[in-house]
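In what follows, a single structure is set out as C-alpha cells and then discussed.
The values are calculated or read from the model by the stated rules, or taken from the named source; none is laboratory data. Please read these numbers as outputs of a predicted model, since none were measured by experiment. When we count neighbours, we look across all protein chains shown, and the Cβ atoms used for this are built from the backbone with ideal geometry, even at glycine. Protein only, heavy atoms only, side chains kept; ligands, DNA and RNA dropped before computing areas. Shrake-Rupley method; radii C 1.70, N 1.55, O 1.52, S 1.80 Å.
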Amino acid sequence: MTDLARAFSGKHAVVAGGAGFLGSHLCDRLLSLGAKVTAVDNEITGDPRNLAGALKTGGISYVKADVSEALPAAGEKVHFVFNLASPASPLHYTRFAIETLRAGSIGTENLLRLATEQEAVFLQASTSEVYGDPEVHPQPESYWGRVNPVGPRSMYDEAKRYGEAVCVAYERSRGTRLRIARIFNTYGPRMQLDDGRVVPNFIGQALRGEPFTVYGEGKQTRSFCYVDDLVEGLLRLAASDAKGPVNLGSHFEFTILELAKTVHRLTGSRSTITYKPLPGDDPKQRRPDTAKAKQLLGWEAHTPLEEGLRRTIDSFRK
Ligand code: NAD
Ligand code: UDP
C-alpha cells in the first residue's frame, strides 16, 4: 500500500467544488485510493458530468448545494474536508463577483465549522492570487503580496486572502486541523473551453483556426502545472502535518507568447496572433518558490508543459 492509500483508504472525504475542474480530478484520485467521497457543488461554474466516471464507481455521493448557505448534514463521520468551492477563472469571478466573495468568506467558514466538529483535516484551496501582482520573484510563502483591494481582481484575491485569515483563526482558536494550498495556474482536461483562462482559450482558438488572443504584449509569465501533479500535491499536503500555506505549482515559467507558440506547434494550427489590451492588475510575472513543498511533501510538478498540453489538446479534440 502506498503512503497515500494508507492515508485515504476507507476514509470519508467531503470535496466542496467537486463538480469543477480540479475538484472532479481530486474525487477520481480519492476514489482510486479507496476513499469514500461526498462531492458538494452548486454548479455555478462546474458541471456534474465531470463526475460521470466517479459516479459509476458507487464510491461517491453527489449533493447539489451552495456552501455559502446552510450545509447538508454530514451523515457519516468525515475525515477530510477539501474546500475548492469558488469560481476560479477571471471571467467567472468577474461575472459572479458577489458569489465569489460569499464562497470565500461564508462558504469557507461553513466548511471550517464542519471540519472542526468532525475533527477532520481541512484543506483550503487558496491561490497564487494572494500575492497579487508580485514585487518578489519567485514567490515564497513568506511574501505578503501586492493586491489592489478595489481592483478588477479584488473579489477573488480578497476572498481568498480572507479565506486564509478565517482558516488560521479557526486553527488558532478552535484547533482546526488546517492545511492551506496556494495553487498556481493549473490546466488539464475538463477545463471549460469557454472559461476565459489562457490554456483553454488558446487550445479552443487553435482547434477552430481562430487567432490567438494575446493580452498586452504577451511578455507576462505564468508557470503552468498539469492537473495530475497538482492533485498529487493536494493529497500529500492533506496527508501531511505541514503548518502554514504551501505553494503548489510548476517551477517552469513561460511567457504567454511562448505558450501561444507551443499550442500552435502542438495543434498544427494555422492561427495567427491578435493582440488585445492587457486587463487591469494582470500579474506580470508569476512562479512559485516550491522549496517548502519539496522539503515537507517531497513534491514537485514533473509533467513537462508539452506533455500536459498534448493530453489536454487530445481531450478537447474529443
Ligand atoms: P472550477 O470553476 O472548475 O471549480 C470550482 C467549483 O466550485 C465549480 O464546480 C463550482 O460550481 C463550485 N462552486 C463555486 N461556488 C460554490 C458554492 N458557493 N457552493 C458550492 N460549489 C461552488 O475551478 P477550478 O479551477 O477547478 O478551481 C477549484 C479551486 O481551486 C477554486 O477554489 C480555485 O480558486 C482554486 N484554484 C484553482 C487554480 C487553477 O489554476 N485551476 C489556481 C488557484 C486556485
Ligand atoms: N491571457 C491572454 N489571452 C487569453 C487569456 C489570458 O493573453 O485569451 C493572459 C492573461 O492576461 C494572463 C495570462 O494569460 O496574463 C493567464 O491568464 P489566466 O486567465 O489563464 O490566469 P490568471 O491571469 O488568473 O493567472
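Tabulated values for the structure
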read-out	value
Qualifying positions in the range 107-147 - open to solvent by less than 10 Å² (accessible area, probe 1.4 Å) and either over 19 Å from the mean Cα position of the chain (by Cα) or more than 16 Å from ligand 2 (Cβ to nearest atom) (or both)	107, 108, 111, 112, 115, 120, 121, 122, 123, 124
Residues (more than 8 Å from ligand 1 (Cβ to nearest atom), β-branched (Val, Ile, Thr), open to solvent by less than 50 Å² (accessible area, probe 1.4 Å) and out of contact with any Cys (no Cβ under 8 Å at 6 or more places or on another chain)) located in the range 23-61	38
Residue 16 vs. criteria surrounded by 24 or more Cβ atoms within 10 Å (Cβ to Cβ), away from ligand 1 (no atom under 14 Å from the Cβ), at pLDDT 95 or above and under 16 Å from residue 238 (Cβ atoms)	no
Members of the range 77-100 that are of a type in the set (A, V, I, L, M, F, W, C), open to solvent by 70 Å² or more (accessible area, probe 1.4 Å) and either free of Cβ contacts under 8 Å to residues at least 60 places away in the same chain or touching a Leu at 6+ places or on another chain (Cβ under 7 Å) (or both)	98
Residue within the range 190-201 that is touching a strand residue (DSSP E or B) at 6+ places or on another chain (Cβ under 6 Å) and within 12 Å of ligand 1 (Cβ to nearest atom) present	yes
Tally, over the range 298-318, of residues that are open to solvent by less than 20 Å² (accessible area, probe 1.4 Å) and either without any contact (Cβ under 8 Å) to a residue 12 or more places away in the chain or of a type in the set (A, V, I, L, M, F, W, C) (or both)	5
Some residue of the range 148-169 being modelled with pLDDT of 95 or more, in contact with an Asp or Glu (Cβ under 6 Å, 6 or more places away or on another chain), surrounded by fewer than 19 Cβ atoms within 10 Å (Cβ to Cβ) and among the charged types (D, E, K, R)	no
Within the range 224-281, tally of residues that are more than 22 Å from residue 160 (Cα to Cα) and in contact with a Cys (Cβ under 6 Å, 6 or more places away or on another chain)	0
Residue list for the range 62-76, restricted to those being open to solvent by less than 90 Å² (accessible area, probe 1.4 Å) and within 19 Å of residue 47 (Cα to Cα)	62, 63, 65, 66, 67, 68
